[in-house]
1. So if I take the centroid of the Cα atoms in the stretch 221-263 and the same for the stretch 320-359, what is the distance between those two points in Å?
2. Across the stretch 202-331, what fraction of all alpha-carbon pairs, as a whole percent, falls in each successive 5 Å bin from zero upward?
3. Students often get this wrong, so check it: of LYS297/LYS390; LYS189/LYS266; LYS319/LYS348, which have C-alpha atoms separated by over 18 Å?
4. Carbon-plus-sulfur fraction of the accessible area of the stretch 141-409, 1.4 Å probe, in percent?
5. For the stretch 141-409, what is the per residue volume of the convex hull drawn over the alpha-carbon atoms, in cubic angstrom?
6. What accessible surface, in Å², does a 1.4 Å probe find on TRP147, ignoring ligands, DNA and RNA and rounding to the nearest 10?
7. How big, on average over all directions, is the shadow cast by the Cα convex hull of the stretch 272-378, in nm²?
8. Using 1/(1 + (r/R0)^6) with R0 = 25 angstrom and r between the beta carbons of TRP14 and TRP40, what's the FRET efficiency to the nearest 0.05?
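The values are calculated or read from the model by the stated rules, or taken from the named source; none is laboratory data. All figures in this text were calculated on a predicted structure; none of them were measured in a lab. Positions of Cβ are backbone-derived with ideal geometry, glycine not excepted, and every protein chain shown enters the neighbour counts. Remember, those area values only see protein heavy atoms, side chains included, never the ligands or the DNA or RNA. Shrake-Rupley method; radii C 1.70, N 1.55, O 1.52, S 1.80 Å.
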Amino acid sequence: EDVGWAVVRVGAVWLGLVLALIVVPSALGISLGISEAYMWVLVKTLEWATIRIEKGVKKPRPQMLKTPAANGIIERDETPMEKEIARLHRVDFEFSDIFYFCRKGFEAIVEDEVTQRFSSEELVSWNLLTRTNVNFHYISLRLTVVWVIGVIVRYCFLLPLRFTLAAIGITSMIVGTTAVGQLPNSSVKNYLSELVHLTCSRILVRALSGTIHYHNKENKPQKGGICVANHTSPIDAIILTNDGCYAMVGQVHGGLMGVIQRATVKACPHVWFERSEIKDRHLVTKRLREHVADKSKLPILIFPEGTCINNTSVMMFKKGSFEIGGTIYPVAIKYDPQFGDAFWNSSKYNIVSYLLRIMTSWAIVCNVWYMPPMVREEGEDAVQFANRVKSAIARQGGLTELPWDGGLKRAKVKDTFREEQQKNYSKMLVRNGSVG
């Protein structure tokens, strides 16, 4: 019995400290300086580790410590096929034509533009988490000791703390939205709903040791609009709702996620679709248009890529989000990979494994840029509008803009793409005006 009471007392003290030092300040939107002190110690430790690594390399070579994925390992020539082959000859078919296709094939095999976006980005130097830099090797005993201490801190202190905060945040979200959902529709209900969502999101951000820098807040999405953002992680939604409330759009889930969805939709007009409905584009578009038409409802939050990309690029935006009408509020999100890898490779990790990796990282640090609202111009179709918004987000976030569909994460390139290249080449052979 003594042991049991001791455990209860320790648990009570632990919960009391968490509530007093983290939960209550988070709910009130204030900081006691604990996160700032933690980040300062963390930055200094990582700087020291980087210096130790550089000193430990006997023959320093830039490529041993720096291999940014953004630069790539091959130099690409983006010249279109027509111009490339036209430079080789001025007559019909020549055997040298195959050189263009061979080179493109080798480039795709060595480093294609798509699959590398579905794996964690390479770090400039080791962050004492995982050996994401393939060129890193054992440097010194002192560095190894610091890494072991880091493992103990992350798994024996940070993980329990973050799990406690996540449990408090999720429970508060379910209980709070369920209670608010019992009230009749009114301005008071809307105010309380936004307060509950905002408060619980702040607690969940603390559960990730989140440090978020919001820029250009005068451009924050307004009611009746559509907020679109690049997609790196499931926590993107929490990052954004930490600074404002949105109506979520998505498929109905089971389990804990389903409980949260059913509770939140009672207090806030989120747009959840059944599995059979999500495939009906006309139904989806109709419900979203009805939501946008009501200027009293929260802005819709949509991630048009449809899947998570690894924080280096922005891939094709699905046009459906841009056929709804209304004002588009673009938002660019860029995570700092030095402190933790926010990217979710859903093909490799399930959600439980992903959350464990997130909660045992040092912190989640990111920048969020609110951009000026954009509207569809006259004569501009949905695809052109989507590409214009995507380009703006890529420029603001310092991300690589790619035309490829994020669906290639799980599917092969459509045959129509290969056929299109074949048609272009055949037109060149018959000289129908496509060259010159």
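1. What the calculation gives is 11 Å, centre to centre.
2. Taking all Cα pairs of the stretch 202-331, the binned fractions are 2, 10, 18, 23, 24, 15, 7, 2, 0 percent.
3. LYS297/LYS390; LYS319/LYS348
4. Carbon-and-sulfur percentage of accessible area, whole number: 60.
5. 137
6. About 90 Å², ignoring ligands and nucleic acids.
7. The directionally averaged projection comes out at 9.0 nm².
8. About 0.55, to the nearest 0.05.
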